[in-house]
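Here the structure is laid out as structure tokens; the discussion comes afterwards.
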Amino acid sequence: MKKSPFQLIFADTNTVLLPDSVTLAELDKTNWQQVSYLAIDATNLSDAYVALEKLRQYGLPSVYLRPVVFVFANAKSDSWQWQAADAIIEKDSDGAFDWFDLSEKLESINRWIDTLPTFERVVDGNLQVKVLRLLASRKIGAKPIATSDIYNGYVYPALQPFFTRHDMGPIQMLAFLQEQKLISPTLFDRAHFCIHCDSAFLNFKETCVECGSHDLDVVELVHHFKCAFTADISRFKQGRDNLVCPKCDKQLQHIGVDYDKPSVVNKCRICQHVGQDANVVAKCFHCNCTTDSKFLELRRINNYELTSVGLNAAFYGLQTYFTNILEAELQLVSLREFELFINIEAARISRYAKSQSALAIVRFVGLDKIHFELGSKAKQVFSELASIFKSILRETDVITAYNESVFVILMTETSKEKADLALDRLNKAVEKLFSENFDSALNMQIQAFNVEPELQVKRTLEAFLSN
Ligand SMILES: [Zn+2]
Ligand SMILES: [Zn+2]
Ligand SMILES: [Zn+2]
């Protein structure tokens, strides 16, 4: 089917730019296979931006992820809001410009939307997934810019339209995604924020350590060599340029010969306190509160790139992960902790020579395809898989996830032969689950090893995986 750009009409005042158009109310009924991108008349940028927000705050990925182009006439302001669209084009006076050149550039975004698993194309509305999907579909990182348009000083233009006033801000959201290892940061800037309102617009000033006033003068300190008297210069001044020592009444003639100026100090105009130190406070332009600078919030503002886990979550969402379900059911340990358990267990076995334990590796082949094939049933299937897993394990067994589809289990007080039997039961139960409920099968690779002092978990895993 031939695609063409459509104009998104959001007000009666919109200039008609294109023969094909769609209104905000028609978005969920649109046949997107006909649309290469949405053009928005941005003669009035703030109105155009509001229309973009409405689109991006939609629940359907097929709508909120669509490429959007702002069209401007003549002069363009340098507001960050221009960068919230996927592209901008200037409207020619005779209306002649190449709409189709952009179609090709933006088509990769439409192709990405088409690869989403079908069950993920329904309304999700999960803001974290939306953010990950925008980055994944555009193959971009989250890049901030500094701006005075927004009170907290930084904006991620491509992501900002997702956020309503009621959501946590993009900066907090990105920090949260970073914690989940879905995105990874590189430093863009460090900045101080008001602890009362989060504003970045702060007036830093020194205040008197005695009375708290900010009415300070910076004055020079004068040191008279002859009598060693030292005080701020105002104490020496008599007349315009005349300096006389208040202690010994001698006139100070030549700097370097009679006296020197060792430093500058603060002098309070209110209480006359003179001193080198002062408290630095920050007064907020936004909420007017004054905060001691050491209590301000110091934050790192980062560029972020998607990690491979983040890329997966962009496709499949965050909730359906098998490991998430297993984690809740079984308490997975980290690979590092798992190796420690194995080492202790191997030492115990060789010392007492009374019992045997086994290490088992289980790999689900093509687990990611299950998401595609099973659609909305995937979550239920994963819970069932987790229960099967649980049924062959005992309280004393230790389990770790090497990645999304490879699991390693320490089966204590179990010989390799017994472990093989248990794994065989696992295999059969999984086969049964799939043959009874679904058309597709889930292939498994399974192997058990004796736990011995020579056993190295990582090497064993690598050997297993390269088979
Ligand atoms: Zn003072
Ligand atoms: Zn003197
Ligand atoms: Zn404030």
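Specify the angular offset, from 0 to 90 degrees and rounded to the nearest 10, of the alpha carbon long axis of helix 170-179 from the longest principal axis of the alpha carbons in the chain. Taking Cα atoms only, the helix is inclined about 50 degrees. Panel values: region 319-465, Kirkwood radius from alpha carbon pairs, Stokes-Einstein at 37 °C and 0.692 mPa s, translational diffusion coefficient 208 µm²/s.
What's the ranking of 33-41, 300-308 by average number of surrounding C-beta atoms within 10 Å, highest first?
Answer by packing, highest mean first, reads 33-41, 300-308.
Taken over region 105-263, the alpha-carbon convex hull comes to 233 cubic angstrom per residue.
Bridges between two residues of the chain, per DSSP, are antiparallel at a rate of about 75%.
How big is the Kirkwood radius of region 209-277, worked out from every pair of different alpha carbons and given in Å to one decimal?
Computed over Cα pairs of region 209-277, the Kirkwood hydrodynamic radius comes out at 12.6 Å.
Here's the list of lysines a cross-link from Lys390 could span, going by alpha-carbon distance under 25 Å and ignoring same-chain residues fewer than 8 apart: Lys369, Lys377, Lys379, Lys416, Lys418, Lys428, Lys432, Lys458. Taking the Cα centre of region 170-260 as origin and assigning +1 to Lys and Arg Cβ atoms and -1 to Asp and Glu Cβ atoms, the resulting dipole is close to 180 debye. Using the alpha-carbon atoms, what tilt in degrees (0 to 90, nearest 10) does helix 335-352 show relative to the longest principal axis of the chain? Roughly 60 degrees between the two axes. Within the straight-line cut-off of under 16 Å between alpha carbons, the lysines reachable from Lys294 are Lys205, Lys283, sequence neighbours fewer than 8 places apart in one chain being disregarded.
At q = 0.14, 0.15 Å⁻¹, work out log10 I(q)/I(0) for region 4-180 with the Debye formula, treating every Cα as an identical point scatterer and leaving solvent out; two decimals please. Evaluating at q = 0.14, 0.15 Å⁻¹ gives log10 I(q)/I(0) of -0.75, -0.87. Mean sequence separation of contacting Cα pairs (under 8 Å, at least six apart), scaled by the length of region 4-180, corresponds to a relative contact order of 20 percent. Against the chain, whose longest principal axis is taken from its Cα atoms, helix 416-437 shows a tilt of about 90°.
Remark on region 4-95: Rg and Dmax equal 12.4, 37 Å (Cα only).
Under the convention that each Lys and Arg Cβ holds +1 and each Asp and Glu Cβ holds -1, the size of the dipole of region 319-465 around its Cα centre is about 200 debye. Diagonalising the gyration tensor over the Cα atoms of region 11-63 and scaling each eigenvalue by 5 before taking the square root yields semi-axes of 18, 15, 9 Å, largest first. The C-alpha radius of gyration of region 220-341, expressed as a fraction of 2.2 N^0.38 Å, stands at 2.36. Rounded to the nearest angstrom and listed largest first, the equivalent-ellipsoid semi-axes of the chain from its Cα gyration tensor are 61, 42, 16.
A short reminder: the numbers here are calculations on the coordinates, not readings from a lab. Remember, it's a predicted structure, so these values are computed and weren't measured experimentally. Backbone-built Cβ (ideal geometry, glycine too); neighbour counts: all protein chains shown.
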